[in-house]
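The structure under discussion appears below in the form of structure tokens.
The values are calculated or read from the model by the stated rules, or taken from the named source; none is laboratory data. Quantities reported herein were computed from a predicted structural model and do not represent experimental measurements. Ideal geometry is used to build each Cβ from the backbone, glycine not excepted, and the neighbour counts take in all protein chains shown. Heads up: the accessible areas ignore ligands, DNA and RNA and are worked out on the full protein's heavy atoms, side chains in. Shrake-Rupley method; radii C 1.70, N 1.55, O 1.52, S 1.80 Å.
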Amino acid sequence: MDVKFNNRDPVYVQVIRHFKEQIAKGFFAPGHVIPSRRELANQLKINPNTVQRAYKEMEEQKLIYTEGNMPSCITKDEAVLKSVREELITEAVQVFISSIKSINAPLPEIMELVQKKYEEAEQRDWSKKC
């Protein structure tokens, strides 16, 4: 697991964000077993208490669940999984809107350009796979 930490946000928040991104991308499927708290702390070279805090928060958000002494797993709750994806998309859109509002571009022009750039990015991604 590779996480690039920044100095702005608490590390446990960044760990949660990483899990949310992996869930949204489909890398962590519903029911996927995740590393133990100690394993993840060792992998990321962070304090086990930080991982414990991230896991506790993810359990409260119902992103992961732990049954007894079994390993923790990604939720199977489709509503939670959908909300994670929507949350990340909404955050990205809000950042975009904040940055674009200052130039007073008309919405149709923005939407056309967004669609064009999105399709170009998809084309680049597809050609990299070939």
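A compact table of results
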{"quantity": "Whichever residue in the range 73-107 is over 30 Å from LEU40 (Cβ atoms) and open to solvent by 100 Å² or more (accessible area, probe 1.4 Å) and, among such residues, is nearest to the chain's Cα centre (by Cα)", "calculated": "LYS101"}
{"quantity": "Selected residue (only one of GLU59, GLU21, GLU39 is free of Cβ contacts under 8 Å to residues at least 60 places away in the same chain, under 14 Å from MET1 (Cβ atoms) and surrounded by 12 or more Cβ atoms within 10 Å (Cβ to Cβ))", "calculated": "GLU39"}
{"quantity": "Per-region count, the range 23-43, residues farther than 18 Å from PRO71 by Cα and either in a helix (DSSP H, G or I) or over 13 Å from the mean Cα position of the chain (by Cα) (or both)", "calculated": "2"}
{"quantity": "Flag if PRO30 is open to solvent by 50 Å² or more (accessible area, probe 1.4 Å) and either among the small types (Gly, Ala, Ser) or touching a strand residue (DSSP E or B) at 6+ places or on another chain (Cβ under 7 Å) (or both)", "calculated": "yes"}
